[in-house]
2 protein chains.
Amino acid sequence: MARAKKIPSTTVSRLSVYVRALQKLRNEAVVTTSSEKLAEQVGLTAAQIRKDLAYFGQFGVPGRGYYVENLHNELAMILGINRRWEVALAGVGHLGYALLAYNGFKKQGFDVVVAFDKDPAKIGQTWEGVKIYDIAEARHVLPECGAEIGIIAVPAASAQEACDALVAGGLKSILSFAPGRIIVPPDVTVKRVELAMELEWLSYYATNIGERG
Amino acid sequence: MARAKKIPSTTVSRLSVYVRALQKLRNEAVVTTSSEKLAEQVGLTAAQIRKDLAYFGQFGVPGRGYYVENLHNELAMILGINRRWEVALAGVGHLGYALLAYNGFKKQGFDVVVAFDKDPAKIGQTWEGVKIYDIAEARHVLPECGAEIGIIAVPAASAQEACDALVAGGLKSILSFAPGRIIVPPDVTVKRVELAMELEWLSYYATNIGERG
DNA sequence: GGGAATATGTGAAAAAGTTATCAAATAACC
DNA sequence: GGTTATTTGATAACTTTTTCACATATTCCC
Ligand SMILES: NC(=O)c1ccc[n+]([C@@H]2O[C@H](COP(=O)([O-])OP(=O)(O)OC[C@H]3O[C@@H](n4cnc5c(N)ncnc54)[C@H](O)[C@@H]3O)[C@@H](O)[C@H]2O)c1
Ligand SMILES: NC(=O)c1ccc[n+]([C@@H]2O[C@H](COP(=O)([O-])OP(=O)(O)OC[C@H]3O[C@@H](n4cnc5c(N)ncnc54)[C@H](O)[C@@H]3O)[C@@H](O)[C@H]2O)c1
């Protein structure tokens, strides 16, 4: 359990990729696989996969490969997804509603259990089985409902304010869809998803053809 | 124009960050800035910024710094966002509708001009001023409407099929929200946004406290 | 049980990316 | 106009990440 080395953030991201590939194999009733086969499946190199796994221990059988179910369970435990996570949503607008209505997260163990907004027309309602509270109540509501992860889907101008409310409620992990930096205490982790930046990335490679591929 | 070195993908992503920071400064009527000030603004090091810019040329004035407007224009040109991009949307479900209704992209020059779906109840309708066509018509509709970037917001099981349709319509740049790999010809660039993976990333750091921060 | 085949885990090499350093260039000031 | 203070751009040093290569462990099969 006591891991010496610092784990690269890219390795953590790839762990998710491996988990998904293993889920697929498990669904297909495949019992064993190898770093080589996995590499082909996910589009990476075998060495990369073995190196990533080596940060966390030894999961394979030389001459045989990996037992799909076993490796899946190990990686799920490492990622902390061998459990259910309760998620709080701030901002039930267009994007927020799409997230609420999406059942793909629940399938992966992420369950939106409470929502917050600022709009009086929405506060008090229940959408998709999730009750919407006033964001000002977050600091009181959150500690009671057990949510540990927050999602911010409010306009950029309100993002800092909404984030502060979630942090005041005790959340330490936040996924934000709002463009722009959010300031949080050092013990809070924020992951941003900036869709405009993804489009700009595509724009770059579309404009400068031949730099990739 | 003829750049010798290969540009790191991370540099391209940071270019977007710089552009946003410069936009902000321009709105505040700031005329000049420096790598040092920019670094503080975006949370990077000054050396990193100068290095990134150096891939593309010389934009600064020693002893003075950078002219905000000038640098913004240069970076916008490099990223290819000094123009309007027409975007095609495949899948007008919960997420697709949120994207359609979002005006933030248009502000950055990305304009959804056409949508595709498979659901007969949606085909033929016009939502948010955007007409929804049968995805099967994509190969005929796309060449006429000028869209160059595609966004995939269909269920994972249909993602490959929808992508094939967009590619058949001539698109070479695609942003996909569907989980899982999509196979495309080598001249097509796909950027995936996997929200479940972002949540798993948060789960990891929430589970293994103290590995970051 | 032994030998061939296979695929891991790991240390070393290579590549990529980031940070530090500094000479050269420019501006501001007197 | 010359001196000083800045800040760039480039190079060098360093760090991180990826790839390579192979000894080692295990299975499979005869
Ligand atoms: N819709 C998209 O497709 C899309 C795409 C990329 C990024 N985003 C980003 O996601 C965020 C949400 O986008 P949207 O389109 O859903 O916006 P929206 O305007 O549809 O919804 C925003 C919601 O947040 C609520 N809100 C506002 N201030 C609040 C506060 N302080 N606390 C709690 N709730 C508050 C509003 O009442 C509203 O319900 C924005 O930051 C946007 O930039 C959205
Ligand atoms: N909704 C979310 O918040 C969310 C979050 C993360 C990822 N995603 C992903 O985004 C995608 C869309 O999610 P959603 O919630 O909007 O789904 P949805 O079911 O609400 O909408 C899907 C839409 O795609 C259409 N469609 C199905 N097959 C098609 C095809 N072959 N061609 C064209 N259109 C087709 C459907 O008619 C429907 O309108 C999914 O892949 C999902 O995994 C969604």
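Rule-based calculations on the coordinates, nothing more; no lab input. Source: prediction; values computed, not measured. For neighbour counting, all protein chains shown are included, and Cβ atoms are generated from backbone atoms with ideal geometry for every residue, glycine included.
Using the basic label-point model (7 angstrom from Cα toward the beta carbon), what is the B:Glu148 to A:Glu144 distance in nanometres?
5.4
Rounded to two decimals, what is the ratio between the C-alpha radius of gyration of the range B:88-190 and 2.2 N^0.38 Å?
With N residues counted in the range B:88-190, Rg over 2.2 N^0.38 Å equals 0.96.
Compute the acute angle (0 to 90°) between the alpha-carbon long axis of helix A:195-207 and the principal axis of greatest extent of the alpha-carbon atoms of chain A; round to the nearest 10°.
Helix A:195-207 sits at roughly 50 degrees to that axis.
If we hang a label 7 Å off Cα along the beta carbon direction at B:Asn82, how far is it from the matching labels on the other copies, in nm, shortest first?
Here the equivalent label points are 5.4 nm apart from this one.
Give me, ordered by chain and number, the residues 5 or more places off B:Val112 or on other chains with an amide H under 5 Å from its own placed amide H.
When sequence neighbours closer than 5 places are left aside, the close amide H contacts are B:Val87.
Starting from the Cα of B:Lys191, draw a straight line to each of the lysines and keep only those under 16 Å, dropping any in the same chain fewer than 8 residues away.
Leaving aside lysines fewer than 8 places away in the same chain, those within reach of B:Lys191 are B:Lys172.
Once you average over the residues of B:77-83, how many Cβ atoms of partner chains fall within 10 Å of each Cβ?
5
Around B:Lys131, which amide H atoms from residues at least 5 apart in sequence, or from another chain, sit under 5 Å from its own amide H, with H modelled in the peptide plane?
B:Ala115
Quick one: which residues, 5+ away or cross-chain, put their amide H under 5 Å from the amide H of A:Gly150? H built at 1.01 Å from N.
A:Ala88, A:Ser173, A:Ile174, A:Leu175
Put the label 7 Å from Cα along Cα→Cβ for B:Lys106; what are its distances to the other copies, in nanometres, shortest first?
3.3
How compact and how long is the protein assembly as shown, expressed as Rg and Dmax of its alpha-carbon atoms in Å?
22.3, 66
For peptide A:101-113, compute the average count of partner chain beta-carbon atoms within 10 Å of each residue's beta-carbon.
3
Would you please give the FRET efficiency between B:Ala206 and B:Ile183, computed as 1/(1 + (r/R0)^6) with r the Cβ-Cβ distance and R0 = 35 Å, to the nearest 0.05?
0.55
Which of the peptides A:84-93, A:105-114 is most tightly packed, and how do the rest follow, going by the mean number of other Cβ atoms within 10 Å of each residue?
Final packing ranking: A:84-93, A:105-114.
Using only the alpha-carbon atoms of the range A:2-79, report the extent along each of the three principal axes, biggest first, to the nearest angstrom.
34, 22, 22
If you put a point 7 Å past Cα along the Cβ direction, how far is that point for B:Val31 from the same point in each other copy, in nm, smallest first?
7.7
With θ taken as phi - 60° and the coefficients 6.51, -1.76 and 1.60, list the Karplus ³J(HN,Hα) couplings across the range A:79-94 in order, rounded to whole Hz; mark glycine and proline as x.
6, x, 10, 8, 7, 9, 10, 8, 10, 10, 10, 10, x, 9, x, 4
From the C-alpha coordinates alone, can you work out the Kirkwood hydrodynamic radius of the range B:134-184, in Å?
Taking every pair of different Cα atoms in the range B:134-184, averaging 1/r and inverting gives 10.8 Å.
Please name whichever of B:Leu95, B:Pro143, B:Ile7 sits farthest to the positive end of the charge dipole of chain B, dipole taken about the Cα centre and charges placed at Cβ: Lys and Arg +1, Asp and Glu -1.
Final value for the positive-end residue is B:Ile7.
If R0 is 30 Å, what FRET efficiency do you get for B:Glu137 and A:Arg26 from their C-beta distance, rounded to 0.05?
It comes to 0.20.
Taking Rh as the Kirkwood radius computed over C-alpha pairs, what is the Stokes-Einstein D of chain B at 4 °C in a medium of viscosity 1.567 mPa s, expressed in µm² per second?
It diffuses with D of about 66 µm²/s by this estimate.
Return the chain A residue and its Cβ-to-axis distance, rounded to the nearest Å, for the rotation relating A to B.
Nearest to the symmetry axis by Cβ: A:Ala98, 2.
Can you give the average number of partner chain beta-carbon atoms within 10 Å of each beta-carbon in peptide A:189-197, as a whole number?
The per-residue average across the peptide is 6.
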